[in-house]
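The values are calculated or read from the model by the stated rules, or taken from the named source; none is laboratory data. Owing to the predicted nature of the structure, the values given are computational and were not obtained by experimental measurement. In this analysis, Cβ positions are derived from the backbone assuming ideal geometry, glycine residues included, and neighbour counts consider all displayed protein chains. Ligands, DNA and RNA are excluded from the accessible area calculation, which covers all protein heavy atoms including side chains. Shrake-Rupley method; radii C 1.70, N 1.55, O 1.52, S 1.80 Å.
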Amino acid sequence: MGNFLAGKVVAVTGAGRGIGRAVALAAAAEGARVVVNDYGVSVEGGEPASEIAESVVKEIVAAGGEAVAVADDISTMAGGQRVVDTALARFGRIDGVVCVAGILRERMLFNMSEEEWDPVVATHLKGTFTVFRAASAVMRKQEGAGTLIGFTSGNHQGSVAQANYSAAKGGIISLVRSAALGLHKYGVTANAVAPVARTRMSANVPMELKEIGEPEDVAALVVYLLSERARAEGITGQVYTIAGPKIAVWAQPRELRAGYAEGAPWTPERIADFLPGTVGTDPMPMLAQLEEMAAAAKAARRTSSPSGD
């Protein structure tokens, strides 16, 4: 047992498997008392099972730690509140929340149904909000304040067949930045982690991940962000990627380039003449990657074709 989080109470959503489980175990190993939340469903959804969260609690207790299970659905306000209320009832405070819970419903945008959109946004984005909302209401009044950690993804840049997931992950980044700004005066920090690790979700990524690590790598970063050492450094409003040996910080959104109309107001014709050469664009790295993949696939088809066509 370490003491990086000694005396702290931490709640982790989606803590039954994968990264969430690794975070819960690592936090407990560093001295935190842990609320283990998991609705107990598969990546694709399905019936919940409390045994998933209970099994992680048993691991923590067997290792000498303290933990309690909560199987509530954090996409509901009541579920998010119950995660925090359980921490208060069992341990008397809440020092950190880590929102890892997520599901997938992959579909091309033009085929995506409301039933495929709503649950993904509800679990990822609303599920982060419900826990952040309940925790921040307590943290701003308690001595020592607290830390909020949301989980995003590199797919916040966009995705070919996961518009729902990408939209939710982009929303989490804006939610984290808003929390960092709104709660700063209360001593509450907020950050996001965009992990690249071997999990049930990463197994479905339709391209090779050249930089990838394990859930335990991600857990180490989360434990640091929950710690007083990170708080002393003033780390808030940040998005970090961890992929095996690599840790990276994402840029803050800002205007890249601007131009101004002189004299007459803008018209479509003036913008057509002005915008491409003066303001221009900011190329999408993922679009370039897709074009490279398409070109490579086309070249491979030509090579394998007997006629060379």
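Within the option set 190, 197, being among the hydrophobic types (A, V, I, L, M, F, W, C) and either modelled with pLDDT of 95 or more or open to solvent by 80 Å² or more (accessible area, probe 1.4 Å) (or both) holds for one residue only, 190. Being open to solvent by 30 Å² or more (accessible area, probe 1.4 Å) and either in a helix (DSSP H, G or I) or not aliphatic (A, V, I, L, M) (or both): is that true of residue 125 here? So residue 125 passes the test. Determine whether residue 143 is touching a residue at least 40 places away in the same chain (Cβ under 8 Å) and farther than 21 Å from residue 21 by Cα. In short, no. For the stretch 270-278, the criterion of being of a type outside the set (Val, Ile, Thr), without any contact (Cβ under 8 Å) to a residue 24 or more places away in the chain, under 30 Å from residue 152 (Cα atoms) and surrounded by fewer than 15 Cβ atoms within 10 Å (Cβ to Cβ) is met by no residue. Residues in the stretch 211-228 that are of a type in the set (Ser, Thr, Tyr) and either modelled with pLDDT under 95 or more than 13 Å from residue 242 (Cα to Cα) (or both): 227 alone. Give me the pairs, please: first residue somewhere in the stretch 50-68 and under 14 Å from residue 20 (Cα atoms), second residue anywhere and open to solvent by 20 Å² or more (accessible area, probe 1.4 Å) and part of a loop (DSSP other than H, G, I, E, B), beta-carbon distance under 6 Å, and either six or more positions apart or on two chains. So the pair list comes out as 53/71. Taking the listed residues 156, 184, the one that is in a helix (DSSP H, G or I), open to solvent by 50 Å² or more (accessible area, probe 1.4 Å) and modelled with pLDDT under 95 is 156, with no other qualifying.
In the stretch 284-309, of all residues being outside any helix (DSSP H, G or I) and open to solvent by less than 100 Å² (accessible area, probe 1.4 Å), the one that is modelled with the highest pLDDT corresponds to 305. Residues that are touching an Asp or Glu at 6+ places or on another chain (Cβ under 8 Å) and not polar (S, T, N, Q) within the stretch 8-20 comprise 8, 9, 10, 14, 15, 16, 17, 20, listed in sequence order.
Inclusion of residue 116 among residues that are open to solvent by less than 50 Å² (accessible area, probe 1.4 Å) and of a type in the set (D, E, K, R) is warranted.
Residue-wise test of (1) more than 30 Å from residue 95 (Cβ to Cβ); (2) basic (Lys, Arg); (3) in contact (Cβ under 8 Å) with a residue 24 or more places away in the chain; (4) assigned to a loop (DSSP other than H, G, I, E, B).
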{"residue": "230", "(1), (2), (3), (4)": "no, no, yes, no"}
{"residue": "235", "(1), (2), (3), (4)": "no, no, yes, yes"}
{"residue": "247", "(1), (2), (3), (4)": "no, no, yes, no"}
{"residue": "263", "(1), (2), (3), (4)": "yes, no, no, yes"}
{"residue": "266", "(1), (2), (3), (4)": "yes, no, no, yes"}
{"residue": "281", "(1), (2), (3), (4)": "yes, no, no, yes"}
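Picking from residues in the stretch 21-44 that are assigned to a strand (DSSP E or B) and either open to solvent by 10 Å² or more (accessible area, probe 1.4 Å) or modelled with pLDDT under 95 (or both), the one that is farthest from residue 7 (Cα to Cα) is 42.
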